[in-house]
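Contents: one structure, followed by commentary.
The values are calculated or read from the model by the stated rules, or taken from the named source; none is laboratory data. Predicted model, so just to flag it, every value in this text is computed and none were measured. In this analysis, Cβ positions are derived from the backbone assuming ideal geometry, glycine residues included, and neighbour counts consider all displayed protein chains.
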Amino acid sequence: MRALLVINPKATSTNQRTRDVLIRALGAAVDLSVEETAYRGHAAGLAGTAHAKGFDAVAVLGGDGTINETVNGLLEGQPGEDASRRPNLIVIPGGSANVFARALGLPNDPVEATGAVLEALRDGRSRTIGLGQAIWHDEAAGQDPGPTATADHRNSRYFTFCAGLGYDAEVVRAVEGLRSAGYRARPTLYVNTAVRHFFVTDRRHPALRLVRPRRPETPGLFMAIVSNVSPWTYAGSRPITPTPWAGFETGLDVLGLRKLSLPSFLAFVRQIIGEHSGLPRGKHLVQVHDEQEFTLVATRPVAFQLDGDYLGEHEWVEFRSIPDALQVLA
């Protein structure tokens, strides 16, 4: 098997010595080529040409952002192809949260995860997973936003585990600003930022509504979480599970908040921390399971995040479930 290993040298949980060990271990099992990312979007470009260069698999050592880029490169490199004709994906966690790797059942430690991947390679074990896709308008193009905007002014991106509009994306935006100022992406950074941001966000005027085909619209949402799998993210070792029924084998799940008072929000947070099989409860919650297509529309531009990556403010984002999109060795 020929494999391309894409490494983010700035991944937070690895160093050069660890990377050298992992390269030697993988290189002993496959015909391995190694590339380091040098700029944003580089991983997508490398993965996008992998099939044409004859690679059977693309391994990625990095956090969820680098993995997301790699996944998008694999799918954009072969649009319309079924998963079996694309290079397999190999995931080695190297970030702070590693949500996608953990959702695949891989250890959070990169060395242990490499051992699990080598076992999968030896046994010829893989799984096919579904992804989510988000489509939004490029407001900079100057057109009225909405589903009727021309295709030339639309952006799209696949996601592996989550997306969100509203409060959670505002927190991601704030954390990215802190990280650019030199703060490390520890769980405490996200928690502290979320607490501080709660008291300055607009908790009186909900901007979002959920629009589904052949269903009544659901207005009055302050935040909408879109999940392709559960957990949605992690606070250290503790999973965050607002949509516990979400999975790679089903459509997308949505959880919306109609109320952002302190008591209601604290009650919601208590229900989603840790492993849960049942759905969060509360009359202020909107829950949708196994949906194939829907749109989130806003009365004003609102923050948007995808796989933990802040993607600006938008007035509508269309979501689609993409079943059987990718084969993963795990």
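Among F268, F319, which is outside any strand (DSSP E or B), in contact with a Gly (Cβ under 9 Å, 6 or more places away or on another chain) and of a type in the set (A, V, I, L, M, F, W, C)?
None of the others qualify; the one that does is F268.
Specify the residue that is farthest from Y158 (Cα to Cα); the eligible residues are those in the stretch 249-263 that are surrounded by fewer than 21 Cβ atoms within 10 Å (Cβ to Cβ) and touching a strand residue (DSSP E or B) at 6+ places or on another chain (Cβ under 8 Å). First the steps, then the outcome.
Let us first name the residues in the stretch 249-263 that are surrounded by fewer than 21 Cβ atoms within 10 Å (Cβ to Cβ), namely 249-250, 258-263.
Narrowing the set further to residues that are touching a strand residue (DSSP E or B) at 6+ places or on another chain (Cβ under 8 Å) leaves 249-250, 258, 260.
Working: E249: 16, T250: 16, R258: 27, L260: 29 Å.
Among residues in the stretch 249-263 that are surrounded by fewer than 21 Cβ atoms within 10 Å (Cβ to Cβ) and touching a strand residue (DSSP E or B) at 6+ places or on another chain (Cβ under 8 Å), the one farthest from Y158 (Cα to Cα) is L260.
Only one of these is at pLDDT below 95 and either in a strand (DSSP E or B) or closer than 17 Å to G132 by Cβ (or both): P219, P239. Name it.
Going through P219, P239 in turn, the sole match is P239.
Counting just the residues of the stretch 211-232 that are crowded, with 24+ Cβ neighbours inside 10 Å and among the β-branched types (V, I, T), which one comes out nearest to S96 (Cα to Cα)?
V229
Are any residues in the stretch 288-311 touching a strand residue (DSSP E or B) at 6+ places or on another chain (Cβ under 6 Å), part of a strand (DSSP E or B) and either charged (D, E, K, R) or without any contact (Cβ under 8 Å) to a residue 40 or more places away in the chain (or both), and if so, which ones?
Across the stretch 288-311, the qualifying residues are E291, E293.
Does T14 fit the bill of being under 21 Å from the mean Cα position of the chain (by Cα) and modelled with pLDDT under 95?
Criteria met by T14.
Inside the stretch 307-322, can you point out the residues that are among the charged types (D, E, K, R) and closer than 14 Å to V211 by Cβ?
Passing the criteria: E315, E318, R320.
Anything in the stretch 162-182 that is more than 15 Å from F222 (Cα to Cα) and surrounded by 15 or more Cβ atoms within 10 Å (Cβ to Cβ)? List them, or say none. Lay out the reasoning, then the answer.
Pass one, the stretch 162-182, residues more than 15 Å from F222 (Cα to Cα): 162, 172-182.
C162, V172, R173, A174, V175, E176, L178 - these are the residues of the stretch 162-182 that are more than 15 Å from F222 (Cα to Cα) and surrounded by 15 or more Cβ atoms within 10 Å (Cβ to Cβ).
Within the stretch 1-17, does at least one residue satisfy the condition of being closer than 18 Å to Y158 by Cα and buried (at least 23 other Cβ atoms within 10 Å of the Cβ)?
No, the conditions are met nowhere in the stretch 1-17.
Name the single residue that is surrounded by the fewest Cβ atoms within 10 Å (Cβ to Cβ) among those in the stretch 102-155 being polar (S, T, N, Q) and either modelled with pLDDT of 65 or more or under 29 Å from L5 (Cα atoms) (or both).
N155
Please go through the stretch 34-62 and give me each residue that is of a type in the set (A, V, I, L, M) and part of a helix (DSSP H, G or I), ordered by number.
If the condition is that a residue be of a type in the set (A, V, I, L, M) and part of a helix (DSSP H, G or I), then A43, A44, L46, A47 are the ones that fit.
Conditions tested, residue by residue: (1) within 20 Å of I273 (Cα to Cα); (2) touching a residue at least 40 places away in the same chain (Cβ under 8 Å).
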site: V195; (1), (2): yes, no
site: H205; (1), (2): no, no
site: V211; (1), (2): no, yes
site: R214; (1), (2): no, no
site: T218; (1), (2): no, yes
site: R238; (1), (2): yes, no
site: P244; (1), (2): yes, no
site: G247; (1), (2): yes, no
site: L252; (1), (2): no, yes
